[in-house]
Every structure is written in C-alpha cells, then in structure tokens.
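**Q** Here you go, one structure.
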Amino acid sequence: GNTASDSPFDPDDGRWVEIWNLVFMQFDQHKDGTRVPLPRTGVDTGMGLERTSAVLQGVYANYDTDLFRPIMDVVQARLGHDDAARAASQVGYRVLADHGRAMTFLIADGVVPGNDGRAYVLRLVMRRAMRFGRQLGFDGPFLGHVVDAVIATMLEAYPQLVERAEWIREVVAEEEARFARTLESGLGLLDELIGRVKAADGSAIGGADVFKLYDTFGFPP
C-alpha cells in the first residue's frame, strides 16, 4: 500500500496492488448512460491464489512469483537474452509462461489440439504461444523446452505431469510441425490478399478474409 502518511489514496499512483475484489452486479448500463436493472443481481468476489502468492513473496505481479519465473528463465536462456532484452519483451515472456502452463496441463488431462470445443481452445492457446515465440526470436520448435520448464516447476504438486511428460512432448511437437505448415500456407494467402487489395488501389483487407486468417491460420488481426 501507500507508505506516505500525508498522501491521499490514489489507486493510479503505481503503489497499489489489488488482491481481492468485490463486484456488485445490479444494472445493465447502455451506451447512452441509462441503467436498466438486471433480471438477476449478484455479488462476485475473489482473492486469487496467485495474487496471494505474489503478496507473500513480496512481488507486484503474478508473473514474478515462483509459479512463472522459472519458466521465463528457461525461455530467456534458450533465447540468449540479457535482462534488458527480457524486460523489453515482457508480454511475450508472460504469454509463453501462461500459455505454456495451460497447454501442458490440458494435454496431461487428455485434451489434444483439434477443431472443436476444448480441443480448439487448446489449439488457439498453443498457436498464440508459437506466434509470440517467433516474435521473441525462436526460429524452430521450442515449446518442448517450455513444457519441460512447466513440469520442473509444478512436479512436486502434480506428479502426473512427469508420468505423462513423453506424451505431452509428442503432442506439442506434432502441433508445432502442423502450425509451421499452416503458417507457410497462411503467409501465401496473406501475400495474395495484399496483392489483390493493392491492385484495386485499396488500403485494407476485408473482414471475412481477416477472420479466415485468424480462425484458420492463427494470424492476429
């Protein structure tokens, strides 16, 4: 909290961290500012375990705790980044730590990448991680190293990760290879679309094509 005794409470001064919130759901606010009572009101409250861990470990962000930091350390070592480069690419590091953990647990629980339901969610999570990894500087398969870092970090509490490690790595490697092929096809389509738009003196790719690039090939809008 704010340690200056003569300072008023300012939630934007950078020295406050929310660990618990209360949300009272009572109205649906329209664009014009009018509020209509909800058919069902409620109260949502939560104090996340990871937020609490951050407080107990004396850090400001969940990603600075021992749940995520070891994973990002492995990513840094593999990329050969110094601390300044890591800080400059903070978002990418956090995506790999968060998505890497999610995909490892999902695959350990029996989910495999696919085109429907939770399988599709896993595929999107993995492809977003792959995209950020490429932006960080990986030019080949790398998620296996992230999986190993997740397992090493979580194995004491989740020994089943070790039991299924080989299967997890196999699924990840296959999806990375598939994404590499998909990315190549998607880049070809993107080049074709850009050429078509320029030929018509346009300046934007149509929404339907943007969605196809996102939904089918994992390209961000």
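**Q** Could you tell me whether any residue of the range 56-69 is hydrophobic (A, V, I, L, M, F, W, C), modelled with pLDDT under 95 and farther than 30 Å from Asp139 by Cβ?
**A** Yes, some residue in the range 56-69 is hydrophobic (A, V, I, L, M, F, W, C), modelled with pLDDT under 95 and farther than 30 Å from Asp139 by Cβ.
**Q** Name the pairs: first residue in the range 189-218 and over 21 Å from Asp116 (Cβ atoms), second residue open to solvent by 50 Å² or more (accessible area, probe 1.4 Å) and part of a helix (DSSP H, G or I), Cβ to Cβ under 6 Å, at least 6 apart or on different chains?
**A** Leu193/Asp209
**Q** Could I ask something else about it? Looking at (1) within 23 Å of Tyr214 (Cβ to Cβ); (2) touching a helix residue (DSSP H, G or I) at 6+ places or on another chain (Cβ under 8 Å), find the lone condition where Leu161 falls short.
**A** Answer for Leu161: the failing condition is (1).
**Q** Only one of (1) open to solvent by 70 Å² or more (accessible area, probe 1.4 Å); (2) within 27 Å of Ala165 (Cα to Cα); (3) in contact (Cβ under 8 Å) with a residue 12 or more places away in the chain; (4) of a type outside the set (A, V, I, L, M) fails for Asp116. Which number is that?
**A** (3)
**Q** I'd like to check which helices (runs of 4 or more DSSP H) are fully inside the range 76-152 and have at least 1 residues that are on the phi > 0 side of the Ramachandran plot.
**A** Numbers: elements: 83-88, 90-108, 117-136.
Because the criterion is at least 1 residues that are on the phi > 0 side of the Ramachandran plot, the helices (runs of 4 or more DSSP H) in the range 76-152 that meet it are 117-136.
**Q** All but one of (1) of a type in the set (S, T, N, Q); (2) more than 22 Å from Val75 (Cβ to Cβ); (3) touching a residue at least 24 places away in the same chain (Cβ under 8 Å) hold for Thr153; which doesn't?
**A** (2)
**Q** While we're looking at this one, here's another question. Among the residues of the range 165-221, write down those that are farther than 23 Å from Phe105 by Cα, open to solvent by 70 Å² or more (accessible area, probe 1.4 Å), part of a helix (DSSP H, G or I) and acidic (Asp, Glu).
**A** If the condition is that a residue be farther than 23 Å from Phe105 by Cα, open to solvent by 70 Å² or more (accessible area, probe 1.4 Å), part of a helix (DSSP H, G or I) and acidic (Asp, Glu), then Glu184, Asp191, Glu192 are the ones that fit.
**Q** I've got another one for you. Just to be sure I understand, how many residues within the range 18-76 are of a type in the set (Phe, Trp, Tyr), under 24 Å from the mean Cα position of the chain (by Cα) and either loosely packed, with under 12 Cβ neighbours inside 10 Å or farther than 26 Å from Ala149 by Cβ (or both)? Walk me through it before giving the result.
**A** Let us first name the residues in the range 18-76 that are of a type in the set (Phe, Trp, Tyr), namely 20, 24, 27, 60, 63, 68.
Now drop any that are not under 24 Å from the mean Cα position of the chain (by Cα), which leaves 20, 60, 63, 68.
Keeping just the survivors that are either loosely packed, with under 12 Cβ neighbours inside 10 Å or farther than 26 Å from Ala149 by Cβ (or both) gives 20.
Residues meeting the conditions: 1.
**Q** Also: Out of Leu143, Leu155, I need the residue that is under 17 Å from Phe68 (Cβ atoms) and surrounded by fewer than 16 Cβ atoms within 10 Å (Cβ to Cβ). Which one?
**A** Working: Leu143 fails: surrounded by fewer than 16 Cβ atoms within 10 Å (Cβ to Cβ).
Sole residue among the options that is under 17 Å from Phe68 (Cβ atoms) and surrounded by fewer than 16 Cβ atoms within 10 Å (Cβ to Cβ): Leu155.
**Q** Give the residue that is farthest from Phe217 (Cα to Cα), with candidates limited to residues of the range 99-113 that are surrounded by fewer than 19 Cβ atoms within 10 Å (Cβ to Cβ) and not β-branched (Val, Ile, Thr).
**A** My answer is Asp109.
The values are calculated or read from the model by the stated rules, or taken from the named source; none is laboratory data. Just so it is clear, the structure is predicted and the values come from calculations on it, not from any experiment. Because the Cβ atoms are built from the backbone with ideal geometry, glycine has one as well, and the counts that use them run over all protein chains shown. Keep in mind that these areas ignore ligands, DNA and RNA; they rest on the heavy atoms of the full protein, side chains included. Shrake-Rupley method; radii C 1.70, N 1.55, O 1.52, S 1.80 Å.
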